[in-house]
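Each remark here refers to the structure printed beneath this line.
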Amino acid sequence: MIAREMGEHEVRPYKQIMKRTPLYDIHKKLGGRMVEFGGWEMPVQYKGVMEEHHAVRERAGLFDISHMGEIFVEGPKAHDFINYLTTNDIYRIENGGCQYSACCYENGGVVDDVISYQFSPEKYLVVVNASNTEKDFEWFKKNNTLGVSIRNRSAEFCQLALQGPLSQKILEPLVETDLGLLKYYTFVETFFQGKEIIISRTGYTGEDGFELYGKWGEAPFFWNSLLEQGAGDGIMPVGLSARDTLRLESAYSLYGHEISETINPFEARLNWIVKLDKSDFIGKKILKKIKAGGPHRTLIGLEMVDAGVPRQGYKIWFGDQEAGEVTSGTFSPTLNKGIALALVKSENALENEFEIEIRGAKRRGRSIILPFYKRGG
Amino acid sequence: MTMAIPDDVKYTKEHEWVKLEGNIATIGITDYAQEQLGDIVMIEFPAEGTTVVKNDAFGVLESVKSVSDVFAPLSGKVIEVNDPLTDSPGIVNEDCYGEGWLIKIELSKPQETEELMNAKAYETYLKEES
């Protein structure tokens, strides 16, 4: 028995020395299977991906995402800097607001997808993908024509995600803020059992939930307190595998799959984060052209009709024409079938029936309206 | 973590087990293998009556996150596949040495069984691997 392809993340046994989060020992104790992910040794699963996935959909799950990067941008021109570096319009949010956005290259390819937290027009936290942290930091500095202060403070912050319908109930007693007032995509600086914390109502699972930023070394305290507080509600620690199946069901992009240096936001159907009517930003010129002409490729959602699990890189066929390939695929624990996001030629994007080539055989799949799963839907 | 390694079956380095009854071999994957794979969601079996050759892939196990070939520990003809697993592949995770067996073959080269490991040898092999 040899695993020949390992699904979404590049999952392989860890050999070289890798970075660890402050929760490493706790993950091991909880039975977490540790794998390499973006240079970090992270838990891919604890009890099992299915159980963890369902826990988040039905109750609550706790994720260690301390590997993610935190870059602070400060100074009188911070507001304009963020607007120049990202495709979304930062003028549309207020202090205490979060905004999902992308940083693009001049050619329209994506440097990274990010969430900007606005403390004030002079202070932002930009949360970036773990494996892109260094690249993003260098990119910010390289394009710092406005003289802002840019600090990579990733080593100072732990990050936990508490996701699932019972998240608010579990977190509420531990923090000094009224979570009922915390709207989707806003954040608050408050205290968690006396310890400083930033809490945002954000996430990567499609469920209600929160992302928490505290001092690096205090991660075990936050983690254990949340597991203890949520024990009666069936909270579970959740690994990277379920993080991926949850985000894929919700059709959230993963850098390196749906977006990358060679896949622009219009192809990835992220039109809503590209505001071409705002002031100049990196990539605007080309993105304007791409939008006017229409992207050559379009991201679609597919579900399997025949048996089979689509995986990244599998070819998509429309009749005898090669239409494109799978960017992310998995078995969906909620739908109980294989699902995929696929980048296909735009001329094929509105078709309903496709075939997915799995180990040399073409299996039937059909296009479905994204997302695959919507809470309450 | 403790892995179940029953001593009434033989093992391969590819983490399959073989139960020998006369000229018939029942084949499955070990507790270590199912643990490594995680939740198994789909299985591709060979057709009954086909011939499998030692060390060749005879089937595919898909877990949520991975695809794995299953290699034939011995050569022979497939006389039965465990059909119920097609609808309930999770049985392999729950009972890999029992209800979760994969296929039965009629051996064409019984001498190949000499190369299989016993439980003790497999346990040592697992320790060396990890």
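Here, each number is a calculation from the coordinates, and none is a lab measurement. This one's a predicted model, so the numbers in the text were calculated from it and none came from an experiment. For neighbour counting, all protein chains shown are included, and Cβ atoms are generated from backbone atoms with ideal geometry for every residue, glycine included.
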Subject >> Within straight-line cross-link reach of B:Lys54, aspartates and glutamates at Cα separation under 20 Å, skipping those fewer than 8 residues along the same chain >> reply: B:Glu14, B:Glu16, B:Glu21, B:Glu44, B:Asp69, B:Glu80, B:Glu106, B:Glu112, B:Glu114, B:Glu115
Subject >> Relative exposure of A:Glu176, B:Glu99, judged by other C-beta atoms within 10 Å (fewest first) >> reply: A:Glu176, B:Glu99
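Over 20 Å, how big is the tail of the calculated P(r) for chain B, in percent of all Cα pairs? Mind showing how you got there, number by number?
On the way: 3269 of 8385 pairs.
Everything past 20 Å amounts to 39 percent.
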Original post:
Looking only at A:Gln312, A:Gln163, A:Gln193, which one moves most when chain A is put into a Gaussian network model with springs between Cα atoms under 10 Å?
Top reply: A:Gln193
**OP:** For the protein assembly as shown, go through all pairs of different Cα atoms, get the mean of 1/r, take its inverse, and jot down that Kirkwood value in Å.
**Re:** 24.6
**OP:** Quick one, can you get me the convex hull of the C-alpha atoms of region A:296-377 expressed as volume per residue in Å³?
**Re:** 84
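Let me know the Kirkwood hydrodynamic radius for region A:99-203, please, with Cα pairs as the basis and the value in Å to one decimal. Numbers along the way, then the final one.
On the way: mean 1/r = 0.0639 Å⁻¹.
Evaluated on region A:99-203, it is 15.6 Å.
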Subject >> CD proxy at 222 nm, helix term only [per DSSP H run n ≥ 4: -39500 (n - 2.57); per residue of chain A; nearest 500] >> reply: -5500 deg cm²/dmol
Original post:
Over region A:296-377, what relative contact order in percent results from Cα pairs under 8 Å that are six or more residues apart?
Top reply: 38
**OP:** For region A:204-245, count all C-alpha to C-alpha pairs, find those more than 15 Å apart, and express that count as a whole percent of the total.
**Re:** 56
**OP:** Mind giving me the FRET efficiency for B:Asn118 and B:Asp95? R0 is 25 Å, r the Cβ-Cβ distance, nearest 0.05 is fine.
**Re:** 0.70
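Considering only DSSP beta bridges whose two residues both sit in region A:109-265, what percent are antiparallel, to the nearest 5? Could the numbers behind the result be given before it?
Values: 24 of 25 bridges.
Of those bridges, close to 95 percent are antiparallel.
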Subject >> Exposure proxy ranking, count of Cβ atoms within 10 Å, fewest first, for A:Ile93, A:Ile339, B:Ile43 >> reply: A:Ile93, B:Ile43, A:Ile339
Original post:
For region A:20-124, what's the radius of gyration and Dmax over Cα atoms, in angstrom?
Top reply: 17.9, 48
Original post:
Roughly what would the spin-label model give for B:Lys54 and A:Glu134, points 7 Å off Cα along C-beta, in nm?
Top reply: 4.7
Original post:
Quick one: which of B:Lys77/B:Lys120; A:Lys278/A:Lys345; A:Lys195/A:Lys215; A:Lys135/A:Lys289 span more than 18 angstrom between C-alpha atoms?
Top reply: B:Lys77/B:Lys120; A:Lys278/A:Lys345; A:Lys135/A:Lys289
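Determine the shielding of peptide B:38-44 by partner chains: average, over its residues, the number of Cβ atoms on other chains within 10 angstrom of each Cβ. Provide the component values of the computation, followed by the final result.
Values: counts 9, 10, 1, 10, 7, 1, 5.
Mean inter-chain Cβ contacts per residue within 10 Å come to 6.
For region A:160-237, state the average projected area of the convex hull of the C-alpha atoms over all orientations, rounded to one decimal in nm². Walk me through the numbers before you get to the answer.
On the way: hull surface 18.5 nm².
Projected over every direction and averaged, the Cα hull of region A:160-237 covers 4.6 nm².
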Subject >> Karplus-derived HN-Hα couplings along region B:102-119 (A = 6.51, B = -1.76, C = 1.60, θ = phi - 60°), whole Hz, x at Gly and Pro >> reply: 9, 9, 10, 10, 9, 5, 9, 9, x, 5, 5, 4, 5, 7, 6, 8, 8, 4
Original post:
Zone of A:Lys169 (label point 7 Å along Cα→Cβ, backbone N under 17 Å): which residues in region A:207-245?
Top reply: A:207-210, A:226-237
**OP:** Report the extension gain between A:Lys289 and A:Glu353 in nm, rounded to one decimal, defined as 0.36 nm multiplied by the number of residues separating them, less their alpha carbon distance.
**Re:** 20.0 nm
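Which length gain, in nm to one decimal place, applies between A:Lys374 and A:Thr262 when the Cα-Cα distance is subtracted from 0.36 nm times their residue separation?
Length difference between fully extended and current span is 37.5 nm.
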**OP:** Send over the semi-axes of region B:70-130's equivalent ellipsoid, whole angstrom and largest first, taken as the square roots of 5 times the C-alpha gyration tensor eigenvalues.
**Re:** 23, 20, 8
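So for each of A:58-66, A:99-107 I average, over its residues, the number of other beta carbons within 10 Å; can you give me the resulting order with the highest mean first? Walk me through the numbers before you get to the answer.
Details: A:58-66: 24.0, A:99-107: 19.7.
The densest-packed peptide leads the list: A:58-66, A:99-107.
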Original post:
Hey, fewest Cβ within 10 Å first, where do A:Asp320, A:Asp113 land in order?
Top reply: A:Asp320, A:Asp113
